[in-house]
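J.: First the structure, then my questions, so here it is.
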């Protein structure tokens with residue numbers, strides 16, 4: 001995944017990578033986790049308190065919201081500048 005991200009960045013593309021890694025604290029080199037830098041006071045996680053779902057992208061997230069769905073995971077909505 002990191003090689004693919006780096007390749008697309010070398011081509012000058014803005015890269016966003018999202019999904020369920022099943023790992024709390026998962027990181028991708030060259031991208032910023034939505035969980036880094038946003039105001040997350042009391043937000044919790046996508047699977048209980050665990051933050052196993054993420055949207056990595058260029059720079060910090062401006063806003064992160066969680067949405068309850070029929071899944072056992074809450075969905076992650078992320079805004080970046």
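J.: Can you give the FRET efficiency to the nearest 0.05 for residue 68 and residue 1, using r as the Cβ-Cβ distance and R₀ = 41 Å?
T.: Details: r = 28 Å, r/R0 = 0.68.
The pair residue 68/residue 1 has a calculated efficiency of 0.90.
J.: What value in Å³ per residue do you get for the convex hull of the alpha-carbon atoms in region 12-56?
T.: Values: hull volume 3.2 nm³, N = 45.
That works out to 71 Å³ per residue.
J.: Taking Cα atoms of region 2-80, Rg/Rh with Kirkwood Rh, to two decimals? Provide the component values of the computation, followed by the final result.
T.: On the way: Rg = 12.7 Å, Rh = 12.9 Å.
Reported Rg/Rh (Cα atoms, Kirkwood Rh): 0.98.
J.: Now, a different point. Under a GNM of the chain (C-alpha, springs under 10 Å), which listed residue has the highest mean-square fluctuation: 11, 43, 31?
T.: 11
J.: Hey, in the GNM for the chain with a 10 angstrom Cα cutoff, which one of 46, 32, 69 fluctuates hardest?
T.: 69
J.: So what is the relative contact order of region 2-80, in percent, for Cα pairs below 8 Å that sit 6 or more residues apart?
T.: Details: 140 pairs, mean separation 23.3, N = 79.
It comes to 29 percent, rounded to a whole number.
Values in this text are rule-based calculations from the coordinates and carry no lab data. Please read all numbers here as calculations on a predicted model, not as lab measurements. As a convention, Cβ positions derive from the backbone with ideal geometry for all residues, glycine included, and neighbour counts pool all protein chains shown.
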